[in-house]
Amino acid sequence: MRKISGNKLLVKALKEEGVDTLFGYPGACTIDISDELYKQDFTRVILPRQEVALVHEADAYARSTGKVGVCLVTSGPGATNLVTGLATAYYDSVPLVCFTGQVARHLIGNDAFQEVDIVGITRSITKYGVTVRDRKDLGRIVKEAFYIARTGRPGPVLIDLPKDVMAELGDAEYPSEVNIRGYKPNTIAHVGQLKRAIKMLNKAKRPLFLIGGGVNIANAREEFTELVRITNVPVVTTIMGRGAISTDHPLYIGNLGMHGAYACNMAVSECDILFSIGTRFNDRITGKLHSFAPKAKIIHIDIDTAAISKNVQVDVPIVADARDAITRMLEYVEPCNTEKWMNQIQEWKEEHPLTMREKPVMTPKHVIDTINRMFDEAIIVTDVGQHQMFVSQFAEITPKKKLLTSGGLGTMGYGLPGAIGAKLGNPDIPVISISGDGGMQMNIQELATAVLEELPIISCIFNNNNLGMVRQWQKLFYGKRYSMTCLHSGAACRGRCGEVECPPYTPDFIKLAESYGAKGIRITKKEEIEPAFQEAMASEKTPYILEFEIDPEDLVYPMIEPGGTLQDLIMDC
Amino acid sequence: MNHNGMKKRWISLYVENQVGVLSKISGLFSGKSYNLDSLTVGTTEDPTVSRMTIATVSDDETFEQIKKQLNRLVEVIKVIDFTDVFVRMKEIMYVKVRRCSASDKTELFQIAETFKAKVIDYGRDSLLLEFVQTATKNDAVVKLMKEEFKSIEVVRGGSVGIESISFMER
């Protein structure tokens, strides 16, 4: 029998899994794998500038292509830098397989150089994690890792590779089948339960679909749109569910939750059947639990048994893949009479429309409206904060426009690497990232990756010189005590804010872009928005930074006070 | 949070007999703030499989979540809820009593007889008792002996349980 090293088998496994792009950062414990990767040409190896950003790139690559994102980092700090990205992917159910180097087996436990117990560290933020302790298990474990990452409720898997195991000669075969006795995801919907749910839906006077990211992950947008067309039931989504049905669909109301539209939160509060698919009922969605959907019977379809009745007690639980369940439902559903109910929702929409107060100066909405107008097809990636909420409120998401955002964990710094990952996976689709000036600086080093990979991404910065979302809470709930949120405060003004002149803002994003070999445009007026996008859209290889000067007083409305109920919205208009 | 039916409950788990599985199970309990009252583990007739007996104090909803979360773990092969199952369950407990007077010793032998415990070691002024009974009875013994004796040292093994045959066959 021919024998090969673990390093060689790993590269063979990547080939058989169809890995066309790998995000890697080298180190002592993975240098042999790097060496094997040097000798192949089936996968493109991307070298980001920081492992923190590396995982986000693999994550956005996976979210935007539906493939498994693959990471390779070294032991110790290389591995610990994965933590935030793994948690980000875990909370948003993104399939990743992350390979971490590990010191040789005889050194494990010795506090060796660059040794950490990364499987232990990441236990609660990975779907599965394991150290390969025996060369003969390597092929099986890698095969299982890809299978676990992409099936059931997808998620990140971490495989820790001790250097000596990888050097050892062993079986050259990569298994073709998987059989894990403790892992048998259930994807097929129980028809009896589905019929029961449909019966309730047909009897309802005020039925409502509540759609989460599960419908997008299951790739069930078409089927779901058909379900809505037949039933006439209006739809609200979570931020992760946005795009499950085109945002311009007449039965789409908007997002619910902390910054959800008034009409959505009212609809949830008044509906009599809440038909939810692929959502976790996160606290940002439900507000105070006892007053969430108080008048409704709740139906919940989710692939994760543990997501059902975790936060909200449901009346009809259905464990299934969203696409399978919706497809089966299409056979049985009938039109519901929702005319009166839709009129009521329309009244709420008119009472408090979701918009921003019109101002003579440029607002975030002007920028997002321009994106909506100028792009027929796009992947929009956000960072985390106020701009993310503006995007979730105003960006049109249609079958040709996708939204990638760190919804569950809320990871600042996702925007720029996210755009890079999305563009690598979708070279023919325009990719726009939107970040605040805070989040942008968390992974600014990735400009180098974008420039060298010749990715014409358009990276927008909504620069309000502040950590705007926290500042918004301080303004509304903390007596305007702006502690730790001003990004140009420092030694010169500490303790004397308002008395002395503000220190100048740093960095100069335009110069910074130029120093990396990217292009930068600063936009201060409404009229400059469109020409800036026009120039950026024409770029073939060069990334663009578009820096928009935003007023820190532009707040995200409506808003539920933390710990409040969906019925107590703070409104601006 | 409501606390419907807050009580002690038992789960039996079949898990892969691999490095790190115990920490995944116990980490799940600590990470999600579930109560972990006791946990025992040992290999089964199949050396690749271990079996755990877990006791937790929780309400109905939390207990449902615990079972679901355990089921989600790749290394967990099967979760058995012992709530409505007839089971045989025992816990081993050692109690060492020091600074015994002669009358203390007499009393200890009486306790041993009453609770079907064994006196397994004997010193000048100390005794070592072994109890194999339900955890609840062991709780009672500990309470009693703490009241009666000046210096006791207790080691408990945690319960192990298995579904009974006779009730299932009936």
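Between segment A:444-499 and segment A:303-326, the C-alpha centres lie 39 angstrom from each other. Taking other C-beta atoms within 10 angstrom as a stand-in for reagent exposure, B:Ser166, B:Ser50 fall in the order B:Ser166, B:Ser50, fewest first.
Annotation for B:Thr136 and A:His488: the two label points, set 7 Å from Cα along the Cα-Cβ direction, are 7.1 nm apart.
The trypsin sites (Lys or Arg not before Pro) found in segment B:41-133 that occupy coil by DSSP, while having at most 14 further C-beta atoms within 10 Å, are B:Arg99, B:Lys116, B:Arg124. Counting 0.36 nm for each residue step from B:Arg99 to B:Val57 and taking away their Cα separation leaves a gain of 11.6 nm. Two numbers describe the Cα atoms of segment B:88-162: Rg and Dmax, which are 11.9, 40 Å.
A simple count of charges around B:Lys90, restricted to other residues whose Cβ falls under 15 Å of its Cβ and scoring Lys, Arg +1 and Asp, Glu -1, yields +2. Listed cross-link partners A:Lys288/B:Lys68; A:Lys295/A:Lys349; A:Lys475/A:Lys519; A:Lys359/A:Lys401; A:Lys205/A:Lys310; B:Lys68/B:Lys96 are compared with a 30 Å cut-off, the Cα-Cα value being larger for A:Lys475/A:Lys519; B:Lys68/B:Lys96. Here the protein assembly as shown was treated as a single set of alpha-carbon atoms; its pair distances binned every 20 Å from 0 give 15, 42, 32, 10, 1 percent. Can you compute the label reach from A:Tyr478? Point 7 Å from Cα along the Cβ direction, backbone N cut-off under 15 Å, restricted to segment A:542-564. Taking a point 7 Å out along Cα→Cβ of A:Tyr478, the residues of segment A:542-564 whose backbone N falls under 15 Å are A:562. Model label points for B:Ile162 and A:Asp248, set 7 angstrom from Cα along the Cα-to-Cβ axis, are 6.8 nm apart.
Remark: A:Phe533, B:Phe149 ranked as B:Phe149, A:Phe533, counting other beta-carbon atoms within 10 Å and listing the fewest first. Over all other residues within a Cβ to Cβ distance under 14 Å of A:Thr88, the charged ones net out to -3, with Lys and Arg as +1 and Asp and Glu as -1.
Diffusion coefficient of segment A:293-394 by Stokes-Einstein, Kirkwood radius over Cα pairs, 4 °C, 1.567 mPa s: 72 µm²/s. Evaluate the relative contact order of segment A:191-351 (contact order divided by residue number), counting alpha-carbon pairs under 8 angstrom at least 6 apart; express in whole percent. Once divided by the residue count of segment A:191-351, the mean separation gives 29 percent.
Enclosing the Cα atoms of segment A:73-191 in their convex hull gives a volume equal to 109 cubic angstrom per residue. Here the calculated FRET efficiency for B:Asp84 and A:Arg196, from their Cβ-Cβ distance with R0 = 30 Å, stands at 0.75, rounded to the nearest 0.05. Were the residues from A:Glu339 through A:Asp134 laid out at 0.36 nm apart, the gain over their Cα-Cα distance would be 67.4 nm.
Can you tell me what percent of all Cα-Cα pairs in chain B are more than 29 Å apart? So the portion of pairs separated by more than 29 Å is 34 percent.
Shape summary of segment A:131-278, radius of gyration then Dmax from alpha carbon positions: 21.8, 67 Å. Under a 5 Å amide H cut-off, with hydrogens placed 1.01 Å from N, A:Leu403 pairs with A:Ile380 among residues at least 5 apart or on other chains. Rg/Rh for segment B:1-92 (Cα atoms only, Rh after Kirkwood) is 0.95. Residues A:Phe275, A:Phe477, arranged from fewest to most other Cβ atoms within 10 angstrom of their Cβ, appear as A:Phe477, A:Phe275. Around the Cα centre of segment A:191-351, unit charges on the Cβ atoms of Lys, Arg, Asp and Glu (plus for the first two, minus for the last two) sum to a dipole of about 400 debye. Across peptide B:64-74, the average count of Cβ atoms from other chains found within 10 Å of a residue's Cβ is 5. Relative contact order of chain A, taken over Cα pairs closer than 8 Å and 6 or more residues apart, is 14 percent.
Projecting label points 7 angstrom from Cα along Cα→Cβ for A:Ile230 and A:Gln346 puts them 2.6 nm apart. Here the contact order of segment B:11-128, divided by its residue count and restricted to Cα pairs under 8 Å and six or more residues apart, works out to 25 percent.
Pairwise Cα distances in segment A:364-557 exceed 25 Å for 32 percent of all pairs. Sorted largest first, the spans of the alpha carbon positions of segment A:355-397 along the three principal axes are 29, 23, 14 Å. Hull volume per residue, based on the alpha-carbon atoms of segment A:191-351 and their convex hull, is 93 Å³. By DSSP, the beta bridges lying fully in the protein assembly as shown are antiparallel in about 40 percent of cases. Please compute the net charge surrounding A:Tyr332, taking Lys and Arg as +1 and Asp and Glu as -1 over other residues with Cβ under 10 Å from its Cβ. Net of charged neighbours comes to +1.
The chymotrypsin sites (Phe, Trp or Tyr not before Pro) of segment B:54-119 that DSSP puts in a loop, and whose beta carbon has at most 13 other beta carbons within 10 Å, are B:Phe86.
The phi torsions of segment B:10-26, fed into the Karplus equation with coefficients 6.51, -1.76 and 1.60 and a -60° offset, translate into couplings of 10, 10, 10, 10, 9, 10, 5, 7, 9, 4, x, 5, 4, 5, 5, 5, 5 Hz, rounded to whole numbers, with Gly and Pro shown as x. Using the Cβ-Cβ distance between A:Lys39 and A:Asp572 with R0 = 56 Å, the FRET efficiency computed as 1/(1 + (r/R0)^6) comes to roughly 0.40. Note on chain B: with a GNM built from Cα contacts shorter than 10 Å, the maximum mean-square fluctuation among B:Thr53, B:Thr40, B:Thr136 falls on B:Thr136.
Using R0 = 41 Å, the C-beta based FRET efficiency linking A:Ala538 and A:Lys15 works out to 0.65. With a 10 Å cut-off around each Cβ of A:310-317, the average count of Cβ atoms from other chains is 1. For segment A:1-148, the dipole from Cβ point charges (+1 on Lys and Arg, -1 on Asp and Glu) about the Cα centre works out to 520 debye, to the nearest 20.
The trypsin sites (Lys or Arg not before Pro) of segment A:368-403 that DSSP puts in a loop, and whose beta carbon has at most 16 other beta carbons within 10 Å, are A:Lys400.
A short reminder: the numbers here are calculations on the coordinates, not readings from a lab. Predicted model, so just to flag it, every value in this text is computed and none were measured. Cβ sites come from the backbone with ideal geometry, for glycine too, and all protein chains shown count toward neighbours.
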